[in-house]
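One structure is given here, and the rest of the page talks about it.
The values are calculated or read from the model by the stated rules, or taken from the named source; none is laboratory data. Small disclaimer: the values here were computed from a predicted structure and weren't measured. Reconstructed Cβ throughout: ideal geometry from the backbone, glycine too, with neighbour counts over all protein chains shown. Each accessible area value is taken on the protein alone, full model and side chains, heavy atoms only, with ligands, DNA and RNA left out. Shrake-Rupley method; radii C 1.70, N 1.55, O 1.52, S 1.80 Å.
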Amino acid sequence: MVNMKKIRLPFLLFFMLICMSLGSYAQNANIRGIITDDYNNPIANAKVFLNGTTHEAVTDATGVFNFTDIPFGEYELEIKEVDHITVNQHITAKQALVDLGKFALLPEGRKTPLEETLPTVSLEENEAAETSSGAVSSALGASRDVFASAANFTFSVARFDVRGYGDEYFMNYMNGAPMVSLVNGRSVFAWGGLNDVTRNQISAYGMKASNYSFGGVGGSFNIDSRASRQRKQTQITYSAANRAYENRLMATFGSGIMKGGWAVAASISRRWAGEGYIPGTFYDGWSYYASVEKLVGHHSISLTHFGVSTINGRSASAVQEAFDLTGSNYYNANWGYQNGEKRNSSVNNIFTPLTILQHDWQINNKSTLQSSVSYQFGKEKRGGLNWYNAPNPRGDYYRNLPSFAPFSLDDPASAAALQSTMESSIRNNTDLLQINWAKLYEANTNHIETINGVTGFRANYIVENRVEDNHNFGFNTVYNNTLTDNYSLSAGLSYQNQKTDYYREVDDLLGADYYVDLNQFAEQSVIPGIDAAQNNLDNPDNIVTEGEKYGYNYSSTINQSLFWLQPEYKGKNIDAFVAAQFTLTDLSRTGNFRNGVFAGNSFGKSEVLSFTNVMLKGGATYKINGRNYIFANGAFGDRAPFFDDAFIAPATNNAVIDNLEAVRITSVEGGYSYKAPRLKAQVLGYTTAISDMTHIYR
């Protein structure tokens, strides 16, 4: 029997020690605030002091500063920023979290906030915005650009590209982790439906200087979704829409910074539509987010995980004849009735969750180091019909339309009569232009065959998935140092490894027992000694069932390392910067099937394509006064081609574009900016030249 008396005293002492520790720890506070200019733009690298102590802080790119584990008491807070009036404020720390809110710094020489000045601007007022020494405050551009926001969201459905650039000319980050695919340069937007926790964004459009990235010629942005950056809230929101989804339900929680420097945040949402405004489409998307962060002295460690699971029925492009026959601009050939219900043949199923571990270190009052490690995995499945030795089942296939009648019959009179009959039938029953699922099932179950020793119904039609199985690892670290009142330095180091498996899989046999993995388009080949019809020569006439791989099966492997450096100068009337980026990129393909057409160049690992690239950029801003700015920026250099544009037909072979070279880019922009309390305006011109570029359309 355990002697309770022997353990009671040590346990009691241990318990009292914990209580005493918690009691003393509870007497410490976390002090937080945000610093902006008088245009409400966040100010980075501003210095904050608790006078009379050794505690110092520097604002991050969002203007936020934090003091952790500050003993309860009264302090004198001092905020210093070059070209701005120093702020001193008496504060009292007597609770676990002291949120000081927002401080709007005024340029030296102005004594009242901009909101309190008269709307009429005179020469004297502009001159008053300058410092006593003649220096003018810099034009900050960290807030969201109105035009870019509208273009990226409102105009995106119309395939509108800012400046005509594709995604590959922008650099996007989440909590410091790069969110750009190395396969094709597209942004990896994996946070749809998480609006409440992704609002905190830092943007740099064009070739402006940025203290978190070298950027692209189109710009860059970083979403900060850490728990400490979420406002304290418990919120439930319902929205109705007429987009791809009709309903959205979202619940979000944010604790703020709690006792002990902890912060937690979470969000979950669902977006759905039984049927969208285009017939046959539907949408069901679930999103979740969770983040926990610990502030320890001059360090912050955060772990963020989120994922978006989306299943949606897609619409398809169609010829004008189909729109005319159905009398609708919303005709969609992807669906048909099955047992009285609409079934879409092209369904996307995407789930690629992401985890980010981030560490922020405020080294001293002049320098910071932000590092992140990220890992993203998951599958993107894009469904569709496939068939072998059978007619095209799409209702708008050109041979099924009345306009093909004159080409199907030699007699003009008979062709005209057939065309008229078909038009009349379709107008009276537009379902004739939809998929006939009953016929597909009938075709699959009307005969039994024996292939490779397997006997059963052989499928003529199947529903397939084209699968991309992603595994992305990333590391990124950024160092910022305010060297003097006029000079600062930013530098970054990044590494990404991206491996993606590509293959087809059988999703639905539509009543059949198996499908034979053959290339019907290559079956007509009469090249002696080549069995072109085999998608996998090592497993001829392969029998596949639901969930099994077929058709093609290969992997892409990409490694990229980069380093960038950016000195910046802020002077009396001139701001200037230069930046350089050095990148090493390796691309390779690994084939898992030996294709019948490319038997000697499809299986195994390809040659490794290696590229060393340099990009340079720089710019200057002339500060006429506190509201008028003239600027010019430029960039030139090269980048490695993307995997999708390097390999000609990666689904079947290892062949690479002949004389493949790096893509060369030269770009210049310049303009005039006006910033006032109630009006911001910009006139900008730019030109970009891109050469030695290859783009493969598939």
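Within region 539-551, can you find the residues that are of a type outside the set (G, A, S) and open to solvent by less than 40 Å² (accessible area, probe 1.4 Å)? Talk me through it step by step, then tell me what you get.
If we filter region 539-551 for residues that are of a type outside the set (G, A, S), which is where we start, we get 539-546, 548-550.
The answer is N542, I543, V544, Y550.
Within the group G327, G297, G307, which residue is small (G, A, S) and in contact with a Phe, Trp or Tyr (Cβ under 9 Å, 6 or more places away or on another chain)?
Numbers: G327 fails: in contact with a Phe, Trp or Tyr (Cβ under 9 Å, 6 or more places away or on another chain); G297 fails: in contact with a Phe, Trp or Tyr (Cβ under 9 Å, 6 or more places away or on another chain).
After applying the criteria, what remains is G307.
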Check your understanding: Can you pull out the residues in region 599-631 that are closer than 30 Å to N654 by Cβ and surrounded by 13 or more Cβ atoms within 10 Å (Cβ to Cβ)?
Key -> A599, N601, S602, F603, S606, L609, F611, N613, V614, M615
Review point. Would region 307-315 turn up any residue that is within 30 Å of F65 (Cα to Cα), touching a helix residue (DSSP H, G or I) at 6+ places or on another chain (Cβ under 6 Å) and touching a residue at least 12 places away in the same chain (Cβ under 8 Å)?
Key: no
Exercise for review: Of the conditions (1) in contact with an Asp or Glu (Cβ under 8 Å, 6 or more places away or on another chain); (2) touching a residue at least 40 places away in the same chain (Cβ under 8 Å); (3) in a loop (DSSP other than H, G, I, E, B); (4) within 29 Å of S187 (Cα to Cα), G634 clears all except one; give me its number.
Suggested key: (3)
Check your understanding: Restricting attention to region 283-320, which residues are not hydroxyl-bearing (S, T, Y) and not in a strand (DSSP E or B)?
Key -> G297, H298, R314, A316, A318, V319, Q320
Point to revise | A57 closer than 24 Å to T368 by Cβ, at pLDDT 80 or above and touching a Ser or Thr at 6+ places or on another chain (Cβ under 6 Å) | key: no
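Would region 654-665 turn up any residue that is in contact (Cβ under 8 Å) with a residue 60 or more places away in the chain and touching a helix residue (DSSP H, G or I) at 6+ places or on another chain (Cβ under 9 Å)?
Within region 654-665, the subset in contact (Cβ under 8 Å) with a residue 60 or more places away in the chain is 654, 665.
Checking which are touching a helix residue (DSSP H, G or I) at 6+ places or on another chain (Cβ under 9 Å) leaves us with 665.
Taking every residue of region 654-665 in turn, at least one turns out to be in contact (Cβ under 8 Å) with a residue 60 or more places away in the chain and touching a helix residue (DSSP H, G or I) at 6+ places or on another chain (Cβ under 9 Å).
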Practice item. Hey, can you tell me all the residues within region 580-607 that are touching a Gly at 6+ places or on another chain (Cβ under 7 Å) and either in a loop (DSSP other than H, G, I, E, B) or closer than 16 Å to M207 by Cα (or both)? Key: S602, F603
Review point. Given the conditions (1) of a type outside the set (K, R); (2) open to solvent by less than 10 Å² (accessible area, probe 1.4 Å); (3) over 30 Å from K570 (Cα atoms), and given that I223 satisfies all but one, which numbered condition is not satisfied?
Key: (3)
**Study point:** region 256-280, residues that are in a strand (DSSP E or B), open to solvent by 40 Å² or more (accessible area, probe 1.4 Å) and over 30 Å from F67 (Cβ atoms)
**Key:** I268, R270, W272
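Tally the residues that are more than 39 Å from the chain's Cα centre (by Cα) and either not charged (D, E, K, R) or not in a helix (DSSP H, G or I) (or both), restricting the search to region 421-452. Show your work before the answer.
Initial filter on region 421-452 (more than 39 Å from the chain's Cα centre (by Cα)): 421-430, 432, 438-439, 441-452.
Next cut, either not charged (D, E, K, R) or not in a helix (DSSP H, G or I) (or both) only: 421-422, 424-426, 428-430, 432, 438, 441, 443-452.
Selection size over region 421-452: 21.
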Practice item. State which residue pairs qualify: first residue open to solvent by 20 Å² or more (accessible area, probe 1.4 Å) and inside region 190-201, second residue assigned to a loop (DSSP other than H, G, I, E, B) and not basic (K, R) in any location, beta carbons under 6 Å apart, and separation of 6 or more residues or different chains. Key: W191/T198; N200/D224
Exercise for review: Give the residues of region 608-628 that are of a type in the set (G, A, S) and not in a loop (DSSP other than H, G, I, E, B), sorted by residue number.
Suggested key: S610, G618, G619, A620
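Tell me, which residue of region 470-522 that is aliphatic (A, V, I, L, M), in a strand (DSSP E or B) and more than 35 Å from the chain's Cα centre (by Cα) is modelled with the lowest pLDDT?
Filtering region 470-522 for residues aliphatic (A, V, I, L, M) gives 478, 483, 489, 491, 493, 506, 509-510, 512, 516, 518, 522.
Filter once more, keeping what is in a strand (DSSP E or B): 478, 489, 491, 493, 506, 516, 518.
Next cut, more than 35 Å from the chain's Cα centre (by Cα) only: 516, 518.
Values: V516: 96, L518: 93.
Checked region 470-522; the qualifying residue modelled with the lowest pLDDT is L518.
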Revision key, fill the gap. Among residues of region 244-255 being modelled with pLDDT under 90 and within 21 Å of the chain's Cα centre (by Cα), the residue least open to solvent (accessible area, probe 1.4 Å) is Y245
Review point. Somewhere in region 675-692, is a residue crowded, with 20+ Cβ neighbours inside 10 Å and at pLDDT 95 or above?
Key: no
**Study point:** Hits in region 479-494 - residues which are closer than 29 Å to S588 by Cβ and either among the hydrophobic types (A, V, I, L, M, F, W, C) or surrounded by fewer than 16 Cβ atoms within 10 Å (Cβ to Cβ) (or both)
**Key:** L493
Review point. Restricting the first residue to region 87-98 and requiring it to be of a type in the set (S, T, N, Q), which pairs with a second residue that is open to solvent by less than 40 Å² (accessible area, probe 1.4 Å) meet a Cβ separation below 6 Å and a spacing of at least six or different chains?
Key: N88/E78; Q89/L77
Check your understanding: Applying the selection to region 351-371, what residues are surrounded by 18 or more Cβ atoms within 10 Å (Cβ to Cβ) and within 16 Å of the chain's Cα centre (by Cα)?
Key -> T352, L354, I356
Review point. Would a scan of region 228-243 turn up a residue that is at pLDDT 90 or above and open to solvent by less than 20 Å² (accessible area, probe 1.4 Å)?
Key: no
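Which of the following residues is farther than 30 Å from A46 by Cα, aliphatic (A, V, I, L, M) and crowded, with 18+ Cβ neighbours inside 10 Å: L562, L518?
Values: L562 fails: farther than 30 Å from A46 by Cα.
L518 is the lone residue from the list that is farther than 30 Å from A46 by Cα, aliphatic (A, V, I, L, M) and crowded, with 18+ Cβ neighbours inside 10 Å.
With respect to A240, determine if the residue is more than 25 Å from A491 (Cα to Cα) and of a type outside the set (F, W, Y). Full working, then the answer.
Numbers: more than 25 Å from A491 (Cα to Cα): yes; of a type outside the set (F, W, Y): yes.
Yes, satisfied.
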Review point. Which of (1) out of contact with any Lys or Arg (no Cβ under 8 Å at 6 or more places or on another chain); (2) at pLDDT 95 or above; (3) of a type in the set (S, T, Y) does Y554 not meet, given it meets every other one?
Key: (1)
Practice item. For residues that are open to solvent by 70 Å² or more (accessible area, probe 1.4 Å) and either part of a helix (DSSP H, G or I) or in contact (Cβ under 8 Å) with a residue 40 or more places away in the chain (or both), tally how many sit in region 392-412. Key: 4
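Restricting attention to region 427-446, does a residue exist that is among the hydroxyl-bearing types (S, T, Y), in contact (Cβ under 8 Å) with a residue 40 or more places away in the chain, open to solvent by less than 30 Å² (accessible area, probe 1.4 Å) and under 30 Å from N539 (Cα atoms)?
no
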Practice item. Please indicate, with yes or no, whether at least one residue in region 453-463 is open to solvent by 50 Å² or more (accessible area, probe 1.4 Å), touching a Gly at 6+ places or on another chain (Cβ under 7 Å) and outside any strand (DSSP E or B). Key: no
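Do you know which of the residues in region 565-597 that are of a type in the set (D, E) and open to solvent by 30 Å² or more (accessible area, probe 1.4 Å) is farthest from D501 (Cα to Cα)?
So in region 565-597, the residues of a type in the set (D, E) come out as 568, 575, 586.
If we keep only those that are open to solvent by 30 Å² or more (accessible area, probe 1.4 Å) as well, we get 568, 586.
Values: E568: 42, D586: 17 Å.
Result: E568.
I'm checking my understanding of the structure. Among residues of region 642-698 that are part of a loop (DSSP other than H, G, I, E, B) and among the hydroxyl-bearing types (S, T, Y), which one is nearest to V614 (Cα to Cα)?
Here is the first cut: in region 642-698, the ones part of a loop (DSSP other than H, G, I, E, B) are 642, 648-655, 657-662, 676-679, 692-698.
Next cut, among the hydroxyl-bearing types (S, T, Y) only: 652, 694, 697.
Details: T652: 33, T694: 19, Y697: 27 Å.
Ranking the qualifying residues of region 642-698, first place goes to T694.
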